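The values are calculated or read from the model by the stated rules, or taken from the named source; none is laboratory data. This is a predicted model, so every value here is computed, not measured. Glycine also receives a Cβ, built like all others from the backbone with ideal geometry; neighbour counts cover every protein chain displayed. Protein only, heavy atoms only, side chains kept; ligands, DNA and RNA dropped before computing areas. Shrake-Rupley method; radii C 1.70, N 1.55, O 1.52, S 1.80 Å.
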Amino acid sequence: MFFIPRPSRRHLLVGGAVGALALAATAVLPSTNAMAATGCAVTYTTNSWQGGFTANLTIKNLGDPVSAWTLGFTFPDGGQRLVQGWSATWQQSGSAVTGRSLDYNGSLGTGASTTVGFNGSWTGSNPSPTSFTLNGTVCTGGTTTPTTPGTPPTTTPPPTTPPPPTGTTPVAVNGQLRVCGVNLCNQYGRPIQLRGMSTHGLQWFANCYTDTSLTALADDWQADLLRISMYVQEKGYETNPTAFTNQVNTLVDKAEARGMYALIDFHTLTPGDPMYNLERAKTFFANVAARNAAKKNVIYEITNEPNGVSWSTIRSYAEQVIPVIRAADPDAVVIVGTRGWSSLGVSEGGNSDEIVNNPVRAENIMYTFHFYAASHKDNYRNEVQRAASRLPLFVTEFGTVTYTGDGAVDTASSNAWLDLLDRLKISYANWTFSDAAEGSAALRPGTCAAGTFTGPSVLTESGTYMRDRIRTPDNFPTS
Ligand code: IDC
């Protein structure tokens, strides 16, 4: 629920650098500076759901200036666990938790505050810790604030809340996204669902992604999200890396200008082994992550549909590509494809247990699920429902038709799918916002060349169905 001010996005770190920072923190412990006045106030606010929570802490230094700090507290319930933190190096030992400052937020003058946070899990109950230490001193909050005689003591400041949104677009309202528990959360730490459309292959349908068409998608469709499908093979990225990288970046800008999130899809398909494209992926993501690091609207999808390859191979690929992205753009959400054409393994006889038992060792990530409504029904829906309480899922691609991308809209199955995704707040992008001559395309053939993207004559059956689903109000939470 609270905004985490980030002095510089490039300084956001999760984990790492424990040794170096521990040394810095030791240097300011009261024992090495006996004359230093100490004091602190900590506010702890939490947003909790079944089994998970997000905690935001504001630390105020009420003593002499420090150049590094270590925050300490104890979880009151033995089942509370720190899962993933930000703006500090976090550690848990038993019930005791420490957060050590990073290079950019270690320096705290007298009266200065900084905000840190983490996602956690809980089993029994989830009470908030009540006692905190800063560099070993118990934080007694406002009561220890030096006061001028005759004036009331300073009280603990209210927690920092994000400013109310200054616009009404999806990006203006939700800001920088973050994975919290199994959800995608907005800048207020609240779970949201993004609903939008996927491009077709950029190598074939460039004329479908113009200022006019994307304005129609943002305004007439009220879409939250544009998935930018950059095929790697089939005359895609591998034939001209620079041109395709530029094309993707241009579309990121167009989405941003219209307040939509941009999902950058490294559209691997054949061959199904993502390792075949590992070096290309590293080069591509190093470029787009550096170029788009300062934007709030970018999400990275590192491999579209791995197939014929083990989960451990996909995981290894992810663990090599994600650090490349993080080095340039530390706070963006990254989405990892799953086995069997991103079916959580189901299309190759597996299920999501292989991921739960061997998750990708990285923070702030989600896992891909794809379906085609006329082909994939109850057994796939059941697995998504089962997985959704254990893994953060994102439907980066689905069709209302068969997995060939063609055929008639299966309305009953599409309704069952989208009702499920709405209920679970799982974000989605529909294949495709294009005028391809196939049932999955939202626009009638010839629409893109004609250049008009609104009105009754441009949509196919699938397009009409999807626009109706996507246009309904988002009601994004803002507190
Ligand atoms: C399909 C396109 C089709 C194209 C084919 C091969 O709809 O026009 O000829 O790819 O490139 C996926 C893939 C997606 C497929 C889609 C439909 O991610 O690239 O698009 N699909 O077959 N997975 C399941 C279905």
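A few comments on the model shown:
- Filter result for the condition that a residue is in contact with a strand residue (DSSP E or B) (Cβ under 6 Å, 6 or more places away or on another chain) and modelled with pLDDT of 85 or more, over Thr74, Thr46: Thr74
Every residue, every condition in (1) over 22 Å from Asn297 (Cβ atoms); (2) open to solvent by 10 Å² or more (accessible area, probe 1.4 Å), yes or no:
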{"site": "Gln203", "(1), (2)": "yes, yes"}
{"site": "Arg227", "(1), (2)": "no, no"}
{"site": "Lys235", "(1), (2)": "yes, yes"}
{"site": "Thr242", "(1), (2)": "yes, yes"}
{"site": "Thr245", "(1), (2)": "no, yes"}
{"site": "Val252", "(1), (2)": "no, no"}
{"site": "Ala262", "(1), (2)": "no, no"}
{"site": "Met275", "(1), (2)": "yes, yes"}
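- Any hit, the stretch 331-349, residues being in contact with a helix residue (DSSP H, G or I) (Cβ under 9 Å, 6 or more places away or on another chain) and more than 25 Å from Gly399 (Cα to Cα): yes
- Residues in the stretch 374-409 that are free of Cβ contacts under 8 Å to residues at least 60 places away in the same chain, of a type outside the set (A, V, I, L, M), away from the ligand (no atom under 11 Å from the Cβ) and in a loop (DSSP other than H, G, I, E, B): Lys377 only.
- Single condition Val346 does not satisfy, out of (1) hydrophobic (A, V, I, L, M, F, W, C); (2) touching a strand residue (DSSP E or B) at 6+ places or on another chain (Cβ under 6 Å); (3) open to solvent by 10 Å² or more (accessible area, probe 1.4 Å): (2)
- Residue that is nearest to the chain's Cα centre (by Cα) [pool: residues in the stretch 94-121 that are surrounded by fewer than 20 Cβ atoms within 10 Å (Cβ to Cβ) and under 20 Å from Gly51 (Cα atoms)]: Ser121
- Count of the stretch 410-456 residues which are in contact (Cβ under 8 Å) with a residue 24 or more places away in the chain, more than 15 Å from the ligand (Cβ to nearest atom) and over 25 Å from Ala206 (Cβ atoms): 10
- Check on Ser479, open to solvent by 30 Å² or more (accessible area, probe 1.4 Å) and away from the ligand (no atom under 16 Å from the Cβ): yes
- Checked across the stretch 363-373, the condition of being buried (at least 19 other Cβ atoms within 10 Å of the Cβ), under 22 Å from the mean Cα position of the chain (by Cα), among the hydrophobic types (A, V, I, L, M, F, W, C) and more than 16 Å from the ligand (Cβ to nearest atom) holds for at least one residue.
- Residues that are crowded, with 24+ Cβ neighbours inside 10 Å and of a type in the set (Gly, Ala, Ser) within the stretch 388-408 comprise just one, Gly399.
- Residue that is nearest to Gly201 (Cα to Cα), among those in the stretch 229-285 that are within 14 Å of the ligand (Cβ to nearest atom) and of a type in the set (A, V, I, L, M, F, W, C): Met230
- Of the criteria (1) open to solvent by less than 50 Å² (accessible area, probe 1.4 Å); (2) away from the ligand (no atom under 16 Å from the Cβ), which one Asn351 fails: (1)
- Any hit, the stretch 115-124, residues being over 23 Å from Ile365 (Cα atoms) and touching a residue at least 60 places away in the same chain (Cβ under 8 Å): no
- Strands (runs of 3 or more DSSP E) contained in the stretch 58-146 and holding at least 1 residues more than 20 Å from Asn47 (Cα to Cα): 70-74, 89-93, 96-100, 113-121, 132-134
- Filtered residues of the stretch 61-89 (kept if open to solvent by less than 30 Å² (accessible area, probe 1.4 Å) and more than 18 Å from Thr137 (Cβ to Cβ)): Phe75, Gly79, Gln80, Gln84, Gly85, Trp86, Ser87, Thr89
- Output for the stretch 324-341, where each listed residue is closer than 28 Å to Gln187 by Cβ, open to solvent by less than 10 Å² (accessible area, probe 1.4 Å) and not in a loop (DSSP other than H, G, I, E, B): Ile325, Val334, Ile335, Val336
- Unique match (being open to solvent by less than 30 Å² (accessible area, probe 1.4 Å), out of contact with any Phe, Trp or Tyr (no Cβ under 6 Å at 6 or more places or on another chain) and either among the basic types (Lys, Arg) or modelled with pLDDT of 95 or more (or both)) among Ser440, Ser413, Ser434, Ser427: Ser413
- Verdict on Leu459 being touching a Gly at 6+ places or on another chain (Cβ under 7 Å), farther than 23 Å from Ser347 by Cβ and away from the ligand (no atom under 12 Å from the Cβ): no
- Every residue from the stretch 243-267 that is farther than 11 Å from Leu225 by Cα, in a strand (DSSP E or B) and without any contact (Cβ under 8 Å) to a residue 40 or more places away in the chain: Phe266
- Residues of the stretch 65-120 classified as closer than 23 Å to Arg190 by Cβ and basic (Lys, Arg), total: 1
- Some residue of the stretch 207-227 being within 13 Å of the ligand (Cβ to nearest atom), more than 14 Å from Pro170 (Cα to Cα) and among the hydroxyl-bearing types (Ser, Thr, Tyr): no
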